[in-house]
1. I need the full set of residues from the stretch 155-179 which are among the hydrophobic types (A, V, I, L, M, F, W, C) and farther than 23 Å from Ala112 by Cβ, in order please.
2. Of all residues in the stretch 229-239 being in contact (Cβ under 8 Å) with a residue 12 or more places away in the chain and open to solvent by 80 Å² or more (accessible area, probe 1.4 Å), which is farthest from Met33 (Cα to Cα)?
3. Do you know which of the residues in the stretch 178-193 that are more than 20 Å from the chain's Cα centre (by Cα) and either within 22 Å of Arg101 (Cβ to Cβ) or surrounded by 19 or more Cβ atoms within 10 Å (Cβ to Cβ) (or both) is modelled with the highest pLDDT?
4. Checking the conditions here, which among Ser167, Ser171 is at pLDDT below 85, touching a strand residue (DSSP E or B) at 6+ places or on another chain (Cβ under 9 Å) and of a type outside the set (Lys, Arg)?
5. Can you name every residue in the stretch 179-221 that is part of a helix (DSSP H, G or I) and free of Cβ contacts under 8 Å to residues at least 24 places away in the same chain?
6. Hey, among the residues in the stretch 109-135 that are under 14 Å from Gly41 (Cβ atoms) and either of a type in the set (Val, Ile, Thr) or in contact with a Lys or Arg (Cβ under 6 Å, 6 or more places away or on another chain) (or both), which one's surrounded by the most Cβ atoms within 10 Å (Cβ to Cβ)?
7. For residues in the stretch 96-120 being closer than 20 Å to Gly59 by Cα, among the aliphatic types (A, V, I, L, M) and assigned to a helix (DSSP H, G or I), which is nearest to the chain's Cα centre (by Cα)?
8. Return yes when Glu47 is farther than 17 Å from Val131 by Cβ and open to solvent by 40 Å² or more (accessible area, probe 1.4 Å) and no when it is not.
Amino acid sequence: MASVLRRADLLTLSNLRNDGRKPHEIRRIRIQMGAVAENSGGSAVVEMGLTTVLAMVRGPIECSRRSDEISDRAIIEVQVKTAPFATSGDRRVSNPTTDRRLIEQSHQLKRAMEAAVLLHLYPKSKIEITVWVLADDGGRLPAAINAATLALVDAGIPLKDLVCACSAGLSAADNDTIVDLNRREESSFGGQPAVYLPCAMLPQRDTVVLSQCEARLGSLKQLEEVLDAAMDGCRAVAQHLQAAVREHSASLLTARSGQARILYSFENRIPVKEC
């Protein structure tokens, strides 16, 4: 217990958060595009800190019901699911069709993707996006949006711009603005809900496509500060997403030119592509 308190005191004195980050520092991001080769047109895995999300895209495909068709554009169907091992506490399987939080996040993700996808190119069709939350340490909606964007790019779906997402809020300790909240920072403090604002934007157009805050803020100025911090976080995330797209495109071009080599791991004989 003494070591835990000592570490917490050191973080407080250094003006660092509970995971050692600075107030406006995002978590480490790791990206893998094309993670699922079968039964999906495109896929991507995004890790933001300890939160891991897998997104898969199918389409454009024919609508299952004629009543769902729209004559001048495609529709987007989104389903967010959580794995039973995503959290360390409750391991019950959440039903994506009845769980209120999953339904709400599916609608938010759909709204963000509709702002970027060129739907008019695929009339009378639909694009299916399935998101699996594999590990949840806070910020699963921004991670899901980032993963879905990269999965659409991997599937070859044309976009106006990449949709980049990040969150911001207020620190429970000193009420300072912080970026990219983890699960502990999202949880309530002293019986009051934490100030948590997820934001998604198109960085090239500098346009916000999603922003929602359920907590009560003291003033309009405070809201503007939190929103500005979230947008700065989105711009930082955009750099990681753009780098991942460039790297993935370069590997595909190298493979198409016939210069890629397939190496095998001696441990499990899994093929590894080297460009």
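The values are calculated or read from the model by the stated rules, or taken from the named source; none is laboratory data. Quantities reported herein were computed from a predicted structural model and do not represent experimental measurements. All Cβ positions, glycine included, derive from the backbone under ideal geometry; neighbour counts span all protein chains shown. We work out accessible area using only protein heavy atoms, side chains counted, and drop any ligands, DNA or RNA first. Shrake-Rupley method; radii C 1.70, N 1.55, O 1.52, S 1.80 Å.
1. Residues satisfying the conditions are Leu170, Ala172, Ala173.
2. The first filter runs over the stretch 229-239 and keeps only residues in contact (Cβ under 8 Å) with a residue 12 or more places away in the chain, leaving 229-238.
When the remaining residues are screened for being open to solvent by 80 Å² or more (accessible area, probe 1.4 Å), the result is 232, 235.
Details: Asp232: 24, Arg235: 20 Å.
Checking each candidate, the answer is Asp232.
3. Looking at residues that are more than 20 Å from the chain's Cα centre (by Cα) and either within 22 Å of Arg101 (Cβ to Cβ) or surrounded by 19 or more Cβ atoms within 10 Å (Cβ to Cβ) (or both), I get Pro193.
4. On the way: Ser167 fails: at pLDDT below 85.
After ruling out the rest, the residue left standing is Ser171.
5. The initial filter retains those residues of the stretch 179-221 that are part of a helix (DSSP H, G or I), namely 183-186, 220-221.
Leu220, Lys221 - these are the residues of the stretch 179-221 that are part of a helix (DSSP H, G or I) and free of Cβ contacts under 8 Å to residues at least 24 places away in the same chain.
6. Filtering first and then ranking leaves Ile129.
7. For the stretch 96-120, the residue satisfying everything is Leu109.
8. no
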